[in-house]
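What follows is one structure encoded as structure tokens, with my remarks underneath.
Derivation of every value follows stated rules applied to the coordinates shown; laboratory data play no part. These figures come from a predicted structure and were not determined experimentally. Glycine gets a Cβ as well: all are built from the backbone with ideal geometry, and neighbour counts include every protein chain shown.
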Amino acid sequence: MLLDAYDACGRVPAHLQAPLFLHALAAVLAPGGAVVANLFHGSAAARAACAAFAAALRAALGGAVHALRVCGHEDNLVLVAIKPMAAAAAAATGGRGGRGVAVGAAPLCARLELAAEAAAARMPSVEPPLLMSLRSNAETLHEV
């Protein structure tokens, strides 16, 4: 699920923060599915709003939330919240056991690298800037 999650004032819209929306989002995501939200992060108020939205996503999905600074657009932040896989599904794919298995930063960085390579293969004319952008952004990944 992709969300361009800020309004003209840089705030996360209220309807995207509503418990009803967050619960519905969690319900429609398959285990291992992700919410990717582009947020404004260029002021103290926006950073606080990003932290609150990350906490709301973490609570709704039950997994970790990671942040990517957007190189070249430092006033933006991309949150990546991944719904944990059930233990049986995780075991089948090499994950650890337990109630639910979240995707950590290293596998997420690897996915970004694969996405960069796949995009470059499809669009060779934009390969260098695309790879640079995806790799630069992947280097900023951290759990929030």
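Of all residues in region 52-70, at least one satisfies being buried (at least 16 other Cβ atoms within 10 Å of the Cβ), over 21 Å from Cys109 (Cα atoms) and not small (Gly, Ala, Ser).
Evaluation of Ala44 against the conditions (1) farther than 13 Å from Asp75 by Cβ; (2) of a type in the set (A, V, I, L, M); (3) over 15 Å from the mean Cα position of the chain (by Cα) shows that the sole unmet condition is (1). Any chance region 18-28 includes a residue that's buried (at least 17 other Cβ atoms within 10 Å of the Cβ), over 18 Å from His142 (Cα atoms), touching a residue at least 12 places away in the same chain (Cβ under 8 Å) and touching a strand residue (DSSP E or B) at 6+ places or on another chain (Cβ under 8 Å)? Scanning region 18-28 turns up at least one residue that is buried (at least 17 other Cβ atoms within 10 Å of the Cβ), over 18 Å from His142 (Cα atoms), touching a residue at least 12 places away in the same chain (Cβ under 8 Å) and touching a strand residue (DSSP E or B) at 6+ places or on another chain (Cβ under 8 Å).
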